[in-house]
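What follows is one structure encoded as structure tokens, with my remarks underneath.
Please treat every number below as a calculation from the coordinates, not as lab data. No experiment lies behind these values; they were computed from the predicted model shown. Every residue, glycine as well, gets a Cβ built from its backbone with ideal geometry; the counts of neighbours run over all protein chains shown.
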Amino acid sequence: METAVANSFKAADSRLVNLFSERAEGAGADPRKCLKRLISELRRHVGSTEKNPQLEKAQAERKILQIDYKVHWDRDGALEPLGNLFEQGFKLSLNSRVPVTRMRFTQAHEVCHTFFYQYVPEIKFRPHREDAIEERLCNFGAAEFLMPEHSLRRRSSQVAESMESLLGLVATYGVSADAMMSRLRELRLWKSVLHVWCRDKTGQFVLNRVIGEKTLPWKWSDEKIPERAWMSPEYRGSTYLQYEPERGFRHFKSISFDARRQGGALLVLSGANVAAPAKRSGSRGRLF
Ligand SMILES: [Zn+2]
């Protein structure tokens with residue numbers, strides 16, 4: 001998976017990305033390094049901090065001159081040039097109905113697109129198809145803008161791999177648990193996996209998505225566990241998940257987990273290091 005992601009950034013696969021990195025950094029440069037440097041300069045220029053990356057200032061600095069908040073829209077965001085030149089600026093459309101953390105990630109993602117307009121105008125200012133590698137790079141750049149590697153490396157080294165730490169980092173950087181988890185894994189700082197469960201109409205817990213692993217239709221071997229986790233402020237333990245790829249044939253997975261309800265979802269962090277009982281006294285978590 002990680003190899004596939006790494007390979008997918010190969011500049012040679014995209015003329016646009018190839019030209020971007022060549023012009024921004026020099027022939028053969030790694031497009032991620034180019035974007036990382038540009039983002040780092042932008043953060044410094046607008047005075048970004050961990051708590052406040054100054055997204056609005058960054059947007060203005062990158063010539064995003066108009067912002068349109070849409071109420072009924074099936075997309076998260078879109079960037080449109082206002083003219084035929086970078087200097088003429090852009091209009092950013094944002095879906096106002098999405099959670100604020102998701103909107104911030106979209107804003108940072110769209111800021112990254114402005115670099116491609118600046119460095120490769122002959123492609124970007126003409127009608128063109130969406131470039132999958134550019135999109136992935138903009139996600140990488142958005143993560144770097146909101147959760148800079150040097151800062152996250154330092155902060156994550158000071159905490160244990162646990163749900164409490166994950167939610168602490170989420171609050172520090174103002175991102176979603178999904179985005180933080182992806183970033184921690186991408187930087188190989190954490191090895192755990194995040195399962196996000198939601199309840200269906202009958203109240204049963206259904207796996208919505210998995211960050212860090214392929215999403216398979218896992219079910220709890222004991223439905224009482226997510227029920228208890230849903231009702232408790234903290235819940236840790238060990239159990240196994242199961243799913244039936246074909247009739248009469250079951251897969252099982254043993255997990256040590258640390259669970260926390262967040263709004264309408266049950267977040268479950270699992271991995272070798274996550275279920276140790278909290279060291280501080282007075283923890284309300286239950287171990288079974
Ligand atoms: Zn995009």
Computed [θ] at 222 nm, deg cm²/dmol, the chain (DSSP H ≥ 4; -39,500 (n - 2.57); rounded to nearest 500)
-12000 deg cm²/dmol
For the chain, built as a Gaussian network whose Cα springs stay under 10 Å, the top-fluctuating residue of VAL120, VAL111, VAL159
VAL159
Arranged by the count of other C-beta atoms within 10 angstrom, fewest first, what order do MET103, MET147, MET181, MET231 take?
MET231, MET103, MET181, MET147
For ARG129 and GLN66, extending 7 Å from Cα along the Cα-Cβ vector and measuring point to point gives, in nm, a value of 2.9 nm
Between ASN52 and PHE249, what is the spin-label point distance in nm, taking each point 7 Å from the Cα along the Cα→C-beta axis?
5.8 nm
Placing +1 on the Cβ of each Lys and Arg and -1 on the Cβ of each Asp and Glu in region 111-179, which of SER165, LEU146, SER176 has its Cα farthest towards the positive end of the resulting dipole?
LEU146
Straight-line reach from LYS91: which lysines fall under 22 Å, measuring Cα to Cα and dropping same-chain residues less than 8 apart?
LYS57, LYS63, LYS70, LYS124
Unpaired by the 4.7 Å Cβ criterion, cysteines found in the chain:
CYS34, CYS198
Report Rg (one decimal) and Dmax (nearest whole number) for the chain, counting Cα atoms only, units Å.
21.2, 63
Pairs of lysine in region 136-288 with Cα under 17 Å and at least 8 positions apart or on different chains: total?
5
Difference of contour (0.36 nm per residue) and Cα-Cα distance, ASP74 to GLN262
65.3 nm
Given backbone amide H placed at 1.01 Å from N, residues whose amide H is under 5 Å from that of ARG199, ignoring those fewer than 5 places away on the same chain, are VAL206
